[in-house]
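Here's the structure, in structure tokens; my notes come after.
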Amino acid sequence: MQTLASVTLKLRTLSLYQKLFGLVLIGIIGALIWRHPTIAHGRSELPGKGMGARLAGGSASHSMAASPAASEIMKLVASDRAADDEFGVYLALSGDILVVGAHQHDVGSNGNQGAAYIFERNQGEPDNWSFLSKLTGSDGAAENYFGATVAIEGDTIVVGGYGNDSSKGAVYVFERNQSTNNWGEIKKLTASDGLAGDDFGRSVAISGDTVIIGSPLDDDGRGSAYIYDRNQGGANNWGEVKKLVPADSEPRDAVEPGDAVGRWVAIYNNTIVVTAPQQASSRGAAYIYDRDQGGTNNWGLAKKLLASDSAVGDSLEMGWRLRAILSSLALPETMG
């Protein structure tokens, strides 16, 4: 079915207590913290292909339903949208900048190359969100699915294109020029050991000078996640620091599909969370890594999380939106 997608902005005033305690949501991932008074709500305009609302603040992503208390302030669409673009498949929000992915957008004759669109608040008048820029990969090609995941913090945007190079996958880093307000690509990130079909870039997150990228089909579906630091290997070089592969994760076999480590990732300050939604017959699991666990900048495993009442097929993909955990680890600091 052909779909034309849009993004609707909802405005909601939250009390201090709502910000502090949030809304308790699904299973192991726990509390969802609504830190920002603007909720970006992605949806399909035609029936049959509805998309869940997605909001990401910095490295964070939240899934939520539209609240009856929220009032619509604006509807955003891409000026060059077309059927099946899936504009709004993923959103990222930081301050007054909103990034919207459209991973099936055709660029020229390249079907499903994908794109990401930047909107900025308060352009012309208060709460007016205006289109600022359209991002595409410098080496864009058909079936790249650029924009399937996006993340932003401050003047840095990262965009996943898991279909790049026969689905080895890639992630693109963009930075804003403060004097011109232009966003330009500064680096293409790929896995040092990447192979076709790995789906590197299926998930991305950023916090400060660190990016975490999921590659859930790596190693026959075992999956993995890669850490990059801004100044690793040189100033603004965004070099690879470490590959995370849980010791108890498994690749696909005749019965199981593989754990899919890295299907969803999140980071806040010195803590990373990586899901393995298909582990143990899709009971699922999540792994927490701390920067200095086992040594300075070692990014060692601190804890494995399992649902106490998990059953076959549950899958911790209900943990898609991991900021809940990360916000609760340092709530006073994350208040916006």
Residues located in region 157-187, provided they are at pLDDT 95 or above, more than 17 Å from the chain's Cα centre (by Cα) and on the phi > 0 side of the Ramachandran plot: 165, 166, 167
Counted residues in region 260-289 being under 16 Å from residue 198 (Cβ atoms) and modelled with pLDDT under 90 come to 1
Filter result for residue 294 (modelled with pLDDT of 85 or more, among the small types (Gly, Ala, Ser) and under 23 Å from the mean Cα position of the chain (by Cα)): no
Which listed residue, of 161, 208, is surrounded by 15 or more Cβ atoms within 10 Å (Cβ to Cβ) and closer than 25 Å to residue 84 by Cα: 161
Checked pairs for region 139-151, first without any contact (Cβ under 8 Å) to a residue 12 or more places away in the chain, second β-branched (Val, Ile, Thr), C-beta under 9 Å and 6 or more apart or across chains, list as none
Going through region 93-114 one residue at a time, which ones are assigned to a strand (DSSP E or B) and either under 15 Å from residue 202 (Cα atoms) or in contact with a Pro (Cβ under 9 Å, 6 or more places away or on another chain) (or both)? 101, 102, 114
Residue 237 meets each of (1) polar (S, T, N, Q); (2) within 17 Å of the chain's Cα centre (by Cα); (3) part of a loop (DSSP other than H, G, I, E, B) with one exception, condition (2)
Please go through region 116-135 and give me each residue that is among the hydroxyl-bearing types (Ser, Thr, Tyr) and under 17 Å from the mean Cα position of the chain (by Cα), ordered by number. 117
With the structure loaded, tell me whether residue 213 is of a type outside the set (Lys, Arg), under 19 Å from residue 138 (Cβ atoms), surrounded by fewer than 22 Cβ atoms within 10 Å (Cβ to Cβ) and touching a residue at least 12 places away in the same chain (Cβ under 8 Å) or whether it fails that test. no
Against the conditions (1) within 22 Å of residue 133 (Cα to Cα); (2) part of a loop (DSSP other than H, G, I, E, B); (3) in contact (Cβ under 8 Å) with a residue 12 or more places away in the chain, where does residue 191 fall short? Just the number, please. (1)
If you scan region 223-274, which residues turn out to be without any contact (Cβ under 8 Å) to a residue 40 or more places away in the chain, within 17 Å of residue 191 (Cβ to Cβ) and in contact with a strand residue (DSSP E or B) (Cβ under 6 Å, 6 or more places away or on another chain)? 224, 226, 228, 229, 232, 233, 245, 249
Kindly indicate whether residue 236 is within 20 Å of residue 171 (Cβ to Cβ), surrounded by fewer than 17 Cβ atoms within 10 Å (Cβ to Cβ) and at pLDDT below 95. yes
In region 246-264, which residues are assigned to a loop (DSSP other than H, G, I, E, B) and buried (at least 18 other Cβ atoms within 10 Å of the Cβ)? 246, 249, 250, 258, 259, 260, 262, 263, 264
Residues (surrounded by fewer than 24 Cβ atoms within 10 Å (Cβ to Cβ) and part of a strand (DSSP E or B)) located in region 171-183: 173, 174, 175, 176, 177, 182, 183
Just one of (1) without any contact (Cβ under 8 Å) to a residue 40 or more places away in the chain; (2) under 22 Å from residue 101 (Cα atoms) trips up residue 180, so point out which. (2)
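Answer yes or no as to whether residue 186 is in a strand (DSSP E or B) and surrounded by fewer than 18 Cβ atoms within 10 Å (Cβ to Cβ).
So residue 186 passes the test.
The values are calculated or read from the model by the stated rules, or taken from the named source; none is laboratory data. Predicted model only: the values in this text are computed from it and were never measured. All Cβ positions, even for glycine, are placed from backbone atoms using ideal geometry, and neighbour counts span all protein chains on display.
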